[in-house]
1. In segment 136-157, what count of residues is obtained for those that are open to solvent by less than 70 Å² (accessible area, probe 1.4 Å) and over 22 Å from Asp183 (Cα atoms)?
2. Could you identify the single residue in Val159, Val173 that is modelled with pLDDT of 90 or more, in contact with a helix residue (DSSP H, G or I) (Cβ under 9 Å, 6 or more places away or on another chain) and part of a helix (DSSP H, G or I)?
3. Considering only segment 128-135, I want to know if a residue exists there that is of a type outside the set (S, T, N, Q) and in a loop (DSSP other than H, G, I, E, B).
4. For segment 77-132, which positions are of a type in the set (Lys, Arg), in contact (Cβ under 8 Å) with a residue 12 or more places away in the chain and over 16 Å from Arg161 (Cα atoms)?
5. Considering only segment 108-119, state which residues are over 16 Å from the mean Cα position of the chain (by Cα) and open to solvent by less than 20 Å² (accessible area, probe 1.4 Å).
6. Return only the number of the condition from (1) in contact with a Pro (Cβ under 8 Å, 6 or more places away or on another chain); (2) part of a helix (DSSP H, G or I); (3) free of Cβ contacts under 8 Å to residues at least 60 places away in the same chain that Asp164 does not satisfy.
7. Pairs only if they're at least six apart or on different chains, beta carbon under 6 angstrom, first in segment 29-53 and in a helix (DSSP H, G or I) and open to solvent by 90 Å² or more (accessible area, probe 1.4 Å), second among the aliphatic types (A, V, I, L, M) and at pLDDT 85 or above; list them, first residue then second.
8. Check whether at least one residue in segment 134-144 is at pLDDT 95 or above, under 15 Å from Val61 (Cβ atoms) and of a type in the set (A, V, I, L, M, F, W, C), and report yes or no.
Amino acid sequence: AGCPIIVLLESESKTAVIPAMRAGASQVVLLPLESDDFRSALESIGAQYGYSLQAATVIAVAGATGGCGATTLALNLAAEIAFLKRVPTLLVELSLKMGMLATYLDVTPRYTTHELLKDIEEMDLDTLKRVVTSIDKNFDILPGPHETIEAMEVTPHDVLRLIDIARRLAKVVVLDVPCTFDDVFFETLAAANQI
């Protein structure tokens, strides 16, 4: 109970679909696997277990240089969207050195983007749900590293994976993007709906 089960059946075994459903399968997918059919089954299970099926609106906030107020703007934007629109909003600070978000909000997060990006291939929606820091109703944050200045190397793929999972967690994702003018910077901006 409470755990989704996907049954994979050979296409010749179509008569086994009903017994599989009666035995507790959440979804049945016929083999050979077709990506659209499998995605549809996963989305259906997601809906049954309370996960958003629609991808969030992603807003990237970036400044021309450090200290120009982009983090402050991103923070205020995310807080106002959460408060005025009353929609689940996630603020993600993508600073890979010394983030300021936790300091601005006077919170001590259990996890930061630094820890998540180190093990990005192991991260999933459930992990992200557990590690975000709740600030207020409909307003969660994922701050950058706030107690270290140790730089971290990431690829655009790593950051895009984090954004992809974040957009399934909230209706609006606000990204605080540091102005590095590298591939990660430009790929992050390209992934956003609005900049």
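1. 6
2. Sole residue among the options that is modelled with pLDDT of 90 or more, in contact with a helix residue (DSSP H, G or I) (Cβ under 9 Å, 6 or more places away or on another chain) and part of a helix (DSSP H, G or I): Val159.
3. For segment 128-135, residues of a type outside the set (S, T, N, Q) and in a loop (DSSP other than H, G, I, E, B): present.
4. Lys85, Arg86, Lys97, Arg110 - these are the residues of segment 77-132 that are of a type in the set (Lys, Arg), in contact (Cβ under 8 Å) with a residue 12 or more places away in the chain and over 16 Å from Arg161 (Cα atoms).
5. Once the filter is applied, which keeps residues that are over 16 Å from the mean Cα position of the chain (by Cα) and open to solvent by less than 20 Å² (accessible area, probe 1.4 Å), segment 108-119 yields only Pro109.
6. (1)
7. Correct list of pairs: empty, since none qualify.
8. yes
The values are calculated or read from the model by the stated rules, or taken from the named source; none is laboratory data. The structure presented is a predicted model; accordingly, all values stated were derived computationally and were not measured. Every residue, glycine among them, receives a Cβ derived from its backbone with ideal geometry; neighbour counts consider all protein chains shown. Accessible surface is based on the protein model in full, side chains and every heavy atom, while ligands, DNA and RNA are left aside. Shrake-Rupley method; radii C 1.70, N 1.55, O 1.52, S 1.80 Å.
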